[in-house]
Structures are given as structure tokens and as C-alpha cells.
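Engineer: Can you read through this structure? Questions will come right after.
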Number of protein chains: 2
Amino acid sequence: MNNFSYHNPTRILFGDGQIAAIAAEIPELARIMLVYGGGSIKRNHVYEQIQETLGERIVSEFSGIEANPEYSTLCKAVTQVKADKIDFLLAAGGGSVIDGTKFIAAAAQFNGEPWDILLQGGRNVTSALPFGCILTLPATGSEMNAGSVVNRSEMKAKMSFGSEHCFPQFSVLDPTTTLTLPERQLTNGIVDPFVHVIEQYLTYPVGADLQDRLAEAVLQSIVETGPKALADPQNYELRANLMWCATMALNGLLRNGVPQDWSTHMIGHELTALYGLDHAQTLAVVLPANLRVRKDAKREKLLQFGERLWGVTETSHPGSADERIEAIIVKTEEFFIAMGAPTRLADYGLDESAVDAVIKQLEQHNMVALGEKKDVTLDVSRQILMAAL
Amino acid sequence: MNNFSYHNPTRILFGDGQIAAIAAEIPELARIMLVYGGGSIKRNHVYEQIQETLGERIVSEFSGIEANPEYSTLCKAVTQVKADKIDFLLAAGGGSVIDGTKFIAAAAQFNGEPWDILLQGGRNVTSALPFGCILTLPATGSEMNAGSVVNRSEMKAKMSFGSEHCFPQFSVLDPTTTLTLPERQLTNGIVDPFVHVIEQYLTYPVGADLQDRLAEAVLQSIVETGPKALADPQNYELRANLMWCATMALNGLLRNGVPQDWSTHMIGHELTALYGLDHAQTLAVVLPANLRVRKDAKREKLLQFGERLWGVTETSHPGSADERIEAIIVKTEEFFIAMGAPTRLADYGLDESAVDAVIKQLEQHNMVALGEKKDVTLDVSRQILMAAL
């Protein structure tokens, strides 16, 4: 196991009715701004519950945070924060609203051009407004980590930052708020956490037996629960389990002491920035191709993953290790497809011209040495995209 | 899954050489007291490393914290804390030193008789001195939770308390500090975490699939790593894995949203208080008997545990479910015995007279309704002890 430092101070309030608990979590005299997206929180009664709980303690509201939150929108929110002398942010929504709120929190206390936060990945963030979250769309894990991804459309840039100062003070995870989500969002909430785990697990062995097994536990639970939730979308227990899986997949615990990949995410981000694919759709496309191209470097963990998650063993699949690896990747693809996320660029109307465009973007964003061994060069990324056609 | 609230702000610094990192974690002007046990930290160079890192920042030392830390000893430490105007405690040792330091931290800021903290289980603790830990004996998980167990020999009492104010600020987990431990402590570091997981897992199903699988991941890793570490005690990777298993077993994560038992611990505490058995030894004795006596209430989880941990299935063990459950309990006993912890009272020179004595203690300490359904009455506890003879 590699050395590591782990710290996660976010308080989780999990379960039906927990929105009512937030009043006690926010400092009594705080001037609160409520931050949300397109108004789905008004349809699913989350807005109503927040008002009931906090009432006139909410000084200000900022709505209109987009999926893939826009830099320009967030800058407007920062202006409003300053004008209204806000000292606590309450995010209500999914990963985009929470990511956006993290950026608002950091930018509101940042000296200089907020864009620099993204250019430096957050290393220059020295403080942030405190904030809490009410999660209504589980997928990204943002509710229990200190990372954020922000979009700047005019530059076709999707940039990330992270800072110790950007952990939520608390996050409410009430599975009932997810019961009304459209199927596409349920798909995203299955595929995105699955790939988050893979990025921290499917690399090379470092003797971290417990870390491997914890990662496999989350994968097994997603694979067990995902299909049932799609078939029975009003089932609270299944939604509760998926919601907790999504949080556990990216709260920092699984990466402790192990190498991490993240090349699938970096390539996928460019597909979203260029063509507007959902984040999870890009992952479903890039991951299988990525595993095929890099199967030699990932051989040992691929075989372990296949055996422990999909039951692919020498007994079940006689033949060469390469044949077993292909069977393992096919099973992973089949899972994504069954969850509603097709795995080929062609499924989203993209062809070889997209490959050149993505490579150009990766080059512009200096994504030229990705993966756990920094050996995913532009040439390797091109092979991956070609394998995903 | 049941509703839950989860919060764990302790920072973990894991790996070889991490003691050097503590200087940056303690406020610069803090008046530090170093708290430790019988001096093993001087033999294993931990004391030396602390001195190198903190030098003259250590204002005061308090040594002599016993295994099962004594109330009277801890009260002496509190007096010294006040005399030396200490505002940061640094615990170096195992669960007893850390548990003791938590009590010192709470008692130093407590108005009234410190014994009241234990009588009220910590509900009356409103603040505590900040403290950090250097863990040298992994087993109890105290390094990443807010609970503590304190002994008061003259009353033959082993009492526990917990408080949100008693999380360590940081804990260093350097596996090299465990390489010189005697085999008995390695045994304890395998059996104790195993049973910690069981107390939070082996109850009844509540649809918490991920929580079950996370618990099973820790159990699987202990079962995989424990025998290897006993056979190869100088192996860093194996010790690192066991160390992290022990922390993960009791940092609050596994109990989220599920019922908990803890009757094995409560009965075991009395065996330690009366006869001085190691904590882990008491668990190895009480757990198998407890499972036999309460197998009907725990039937579903016992069968799941047996299948996922020990591979006991209808195929491997044709016959009745009761026969499979007995096979599962036998495998658990065999594991404890192989790890060096015999599973019968007789193995520790105790006979039926111990049963009466323990029951009397449980009655005195009001431990009359234990377990996940509060149905472990004194009569059930007696059956358990009789089954453990």
C-alpha cells in the first residue's frame, strides 16, 4: 500500500425526512443563499421543505446553475453573494449545482481573477465560504468531496479544481428526492459511480488488499442494485443503496494508498465539452475502449476485477488470459448497455472526425500524459477513441 | 437502510515515516503533553521520532497508562494537564493509551466529578482538549472514532463513553511501528477488528446492500491477511493492511444505516474486568456461543455471512440450514483458534463459577437488555456463557 493522507469532515444526513435536520447545521445568524438549477427542486417538494425548515433565514436565491455549470453563470452568483453579504451557501440539486457552489464558495473569497482557480486546479484557494448540500441527483459524489468541475463554453473548456477548503459542511441524502428522476438520470447515477470506482481500482496491484475489496464492494453493490432500480424505480431501498454507492465511490476513501487512472474521465470531459454528451455516457464509451487498448498494463487487476465482479475464471472461461480479459470487458459493456448507456461513439452519432477534434482538445488542455503511469499520450488517447468508434 | 448521521473529521496519516508529518498538524504555540504507556515507544523508536519532530514543543510527559486504562491513573494525568497548562495531547500507543487520552481530554474541561462522564456515557461532555494519536498497536479502532473505554478496578467496572468532541484531530498509522509487536498483540489485532465488524453486520437484514458488502470486504481482508501476517510477521504490506482493516472496522462507516449488536463486547468486558483476559480473547470466547444461542434471530445474516466469507453454500454443505449455520460458526471458531485465540472459557482456566460472577456484574452494570433487539436478557447472557464453557 502506498502512503496516504485522508481527511473528510463532511457530515452526512441520510434518509427520508432529513432535510428538516439542516436548520441545526447552519450557524444561527448566517446569511444564507440558496443555490439551485432549473427548478426541479420546486417540482419535487425539496424547495418547499427547505423553506419550511429555514424560512426567512434564506436571504437570497440564485437559480439557473446548468448541467456542466458555466463559469459565467457562477461569476454572476459570486457578484450576488458579495452584494447580499452572504456567509453561507446552501446547494440543492445534483453534482453540477454542488460543483458550481464549491466554485462560488471559493471565488467569493478569492483575490484576483476567479479563472485562476481553475487554471491552478485550486492550489491557490486559501479559504472558501462554508456551504451545505441537499443532494437530489446522486451520481458525481460531489456531496462528500472537495472537488469540482466547471465548464467554460466559449473556450470549449471543462476544468476541475479541488481544495481542502471546499468540503461541504454537511450533505443531506434523502433517497425520496430521487424517486421522480427521469430514467436517464438513473442511468447516469449507475454508470458514473461505477466508473469512479474503476478509476481508483483498475490500475496495477500495490498489495492494498482491503482497498481492493472495498472498491469491489461498491462495484458489486452497483451491479446488484442498478438493474433492480431500473426495473422498480419507485423502490426506496434500491434508490437509497444507489445513492450511498455514489457517495462512497468518490469520497476519497477508495483512493487511499493506491494508484489512480482517471484517463477515461479526462477523455470523456472533452466529449462533453465538444458534443454535449452526458458525463456518464462519455464514460460508458471511453472505458471499454481504454481497457482494450491498455489491457497489458492493467492485466493483473483486470483478471481480479473479472473474477470478483463478473465471475470470469479459468473454470468459467477456459482459454487464454487474453480471451478472459476480452470476456470481462464485454461483460462490462453489456452492463452499461443494460443500464441504458450505449458504449460506442457511433451510438451518439459521432464518427472518426470526433477523434481528431477530441485529440486537439486534449492537446490544448495539456492532457498529454494521463493514467496511473502517465503513459496515456495523445497517441494512446487516439487509439482509445478509435477503438470506441 | 435505516436513516443515519455520519461525521468523522479525523485526519489519517498512513505509512512509513509519517510520524514526521505531525509537527505541521499541531498548532504552533500549543503546549503539548505526550501521553503513553509502559515505555514500548522507547524500544521501538517511536519516542525518538516524536522527539526529533517536536523537540522542545513537548512541555510535559505522562507515562504509565495501563492496558485497560485505569480511572485513577487518568485522573492523575488530568491534574498534570491543569498544572502544566496543557492545550494539546499527543497519545502514542495502542487503544488503551488513546482511550485514556480521550478521557483525559474530556475530563480536563469537565465541570464536576469526571466519573460522571462515564456514568452518562459522555452525553454530558460539551468540550475536550484537542489531541492527536500515533498508533503503535492496531486493534481497537480508537484512533479514528470518538469512543473510549475506561477501567475502574476497585469497582470491577469497565465503562465506556463517547462524544463528538473526542475525535482525534489526526492519527498517524505507521505500520513499521507494529513490526516488533509480540504475537499475542498480532492475534488481538486480528480478532478484535473481526468482531467489531461482526457486531455491526451480523444482525438482521435491512436492505443495506452496500453496507453489508463493505463489512464483508473488511472481514474478507482480515481473513485473507491475518494468517499470512502470523506466518510472516515482518512483512510490511501485510501489517499495513491489517492496520487499515482495524481502523476501518470501527470508524463509524460500517454501522451507518444498520442495526448493531455489541452484546459480545458487553459480556466480554465483564470477563476482562473480572479475570484480566485480553479484550480480543473475551470476544473469541463469547462470539461463537452468542451466535449459537441466537442463531434463529440472526438466521438470514448468518447464512449470508457464511456464504460470502466462508463459502458455505447449499452446494458445499448439503443438509439443513441449521447444519450450515453450525458449520459457519465452527469455521469462525477455527479462524480464531488458528489466529491464536482459543474460544472456550475452559481454555482460560474458567469454569461455571465464572458464569455466575459475570451475570452478577452484568446485572450491576444494568446490562440486562443487550443486542440489536434488546432481547439479550440476563437469562440469554447466561445461556451464552454456558455455551462458552
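Engineer: Net charge around A:Leu370, counting only other residues with Cβ within less than 14 Å of its Cβ (Lys, Arg = +1; Asp, Glu = -1)? Don't skip to the end; give the middle numbers.
Structural biologist: Numbers: positive: A:Arg294, A:Lys298, A:Lys373, A:Lys374, A:Arg382; negative: A:Glu199, A:Asp261, A:Glu270, A:Glu363, A:Glu372, A:Asp375, A:Asp379.
Spelling it out: positives minus negatives among the neighbours equals -2.
Engineer: Mind checking the angle between helix B:95-107 and chain B's longest principal axis? C-alpha axes, 0 to 90 degrees, to the nearest 10.
Structural biologist: That works out to roughly 60 degrees.
Engineer: Find the percent of Cα-Cα distances in chain B that exceed 32 Å, and round it to a whole number. Please report the intermediate quantities before stating the final value.
Structural biologist: Values: 24119 of 75466 pairs.
Of all Cα-Cα distances in chain B, 32 percent exceed 32 Å.
Engineer: Compute, for chain B, the length of the dipole vector about the Cα centre, with Cβ point charges of +1 (Lys, Arg) and -1 (Asp, Glu) only. Units Debye, rounded to 20.
Structural biologist: Taking the Cα centre of chain B as origin, the dipole is about 460 debye.
Engineer: Right, another one. What's the longest bit of chain B with no exposed trypsin sites (Lys or Arg not before Pro), using DSSP loop states and at most 12 other Cβ atoms within 10 Å as the test?
Structural biologist: My reading of the result: B:124-373 is the longest stretch.
Engineer: Scan around A:Thr136 for amide H atoms under 5 Å from its own, H built in the peptide plane at 1.01 Å from N, and keep only partners 5 or more places away or cross-chain.
Structural biologist: Counting only residues 5 or more places away or on other chains, the set is A:Gly93, A:Gly94.
Engineer: So how far, in whole Å, is the C-alpha centre of segment A:300-320 from the one of segment B:68-94?
Structural biologist: Using only Cα atoms to place each centre, the spacing works out to 53 Å.
Engineer: Counting only other residues whose beta carbon sits under 15 Å from that of B:Leu250, what net charge do I get with K and R as +1, D and E as -1? Don't jump to the answer; show the numbers that get you there.
Structural biologist: Numbers: positive: B:Lys102, B:Arg255; negative: B:Asp99, B:Glu143, B:Asp192, B:Glu199, B:Asp261.
Local charge sum for B:Leu250: -3.
Engineer: If the chain between B:Asn2 and B:Ala321 were fully stretched, how many nm would it gain, using 0.36 nm times the residue separation less the Cα-Cα distance? Could the numbers behind the result be given before it?
Structural biologist: On the way: separation 319, 0.36 × 319 = 114.84 nm, distance 2.76 nm.
112.1 nm is the gain from fully extending B:Asn2 to B:Ala321.
Engineer: Follow-up. Students often forget the sequence filter, so: which lysines lie under 24 Å Cα-Cα from A:Lys331 once same-chain residues fewer than 8 apart are removed?
Structural biologist: The reachable lysines, counting only those whose Cα sits under 24 Å from A:Lys331, are A:Lys228, A:Lys295, A:Lys298, A:Lys301.
Engineer: Over segment B:183-387, what is the relative contact order in whole percent, taking alpha-carbon pairs under 8 Å and six or more residues apart? Before the final figure, lay out the partial values.
Structural biologist: Values: 258 pairs, mean separation 55.1, N = 205.
About 27 percent, as a whole number.
Engineer: Identify, among B:Leu254, B:Ala369, B:Ala280, the residue whose Cα sits farthest towards the positive end of the charge dipole of chain B, taking +1 on the Cβ of Lys and Arg and -1 on the Cβ of Asp and Glu, with the dipole about the Cα centre.
Structural biologist: Farthest towards the positive pole: B:Ala369.
Engineer: Quick check: residue separation of A:Gln234 and A:Ala338 times 0.36 nm, minus the Cα distance between them. What number comes out in nm? Kindly include the intermediate steps, with their values, before the conclusion.
Structural biologist: On the way: separation 104, 0.36 × 104 = 37.44 nm, distance 1.87 nm.
So the extension gain works out to 35.6 nm.
Engineer: Using only the alpha-carbon atoms, how far is helix A:236-249 inclined from the longest principal axis of chain A? Give it as 0 to 90 degrees, nearest 10.
Structural biologist: 80 degrees
Engineer: By how many degrees, 0 to 90 and rounded to 10, does the Cα axis of helix B:263-275 deviate from the longest principal axis of chain B?
Structural biologist: It works out to around 60 degrees.
Engineer: Another question about this same structure. Between B:Val206 and B:Ser72, what is 0.36 nm times their sequence separation minus the Cα-Cα distance? Round to one decimal in nm.
Structural biologist: 44.0 nm
Engineer: For segment A:255-346, which GluC sites (Glu not before Pro) are in a loop by DSSP, counting at most 12 other Cβ atoms within 10 Å?
Structural biologist: Passing both the DSSP loop test and the Cβ count: A:Glu314.
Engineer: On to the next question. Compute the projected area of the convex hull of the Cα atoms of segment B:183-387, averaged over all viewing directions, and report it in nm² to one decimal place.
Structural biologist: Numbers: hull surface 44.6 nm².
Its average projected convex-hull area is 11.2 nm².
Engineer: Grab segment A:11-178 and count how many Lys pairs have their alpha-carbon atoms under 21 Å apart, sequence gap of 8 or more, or different chains.
Structural biologist: Close lysine pairs found across segment A:11-178: 8.
Engineer: On to the next question. What is chain A's relative contact order, in percent, from Cα pairs under 8 angstrom and six or more apart in sequence?
Structural biologist: The normalised contact order for chain A reaches 16 percent.
Engineer: Could you compute the net charge surrounding A:Gly340? Neighbours are other residues with a C-beta less than 12 Å from the C-beta of A:Gly340; K and R count +1, D and E count -1.
Structural biologist: Local charge sum for A:Gly340: -2.
Engineer: Sum -39500 (n - 2.57) across every DSSP H segment of at least 4 residues in chain A, then divide by the residue count to get the 222 nm mean residue ellipticity, nearest 500.
Structural biologist: After summing the helix terms and dividing by residue count, I get -14500 deg cm²/dmol.
Engineer: B:Arg184 to B:Ser153: FRET efficiency via 1/(1 + (r/R0)^6), r the Cβ-Cβ distance, R0 22 Å, to the nearest 0.05?
Structural biologist: My answer for the efficiency is 0.55.
Engineer: Using the C-alpha gyration tensor of the protein assembly as shown, what are the square roots of 5 times its eigenvalues, in whole angstrom, with the largest one first?
Structural biologist: For the protein assembly as shown, the ellipsoid semi-axes come out as 44, 32, 26 Å.
Rule-based calculations on the coordinates, nothing more; no lab input. Since the model is a prediction, treat every value here as computed from it, not as a measurement. Cβ atoms come from the backbone with ideal geometry, glycine included; neighbour counts cover every protein chain shown.
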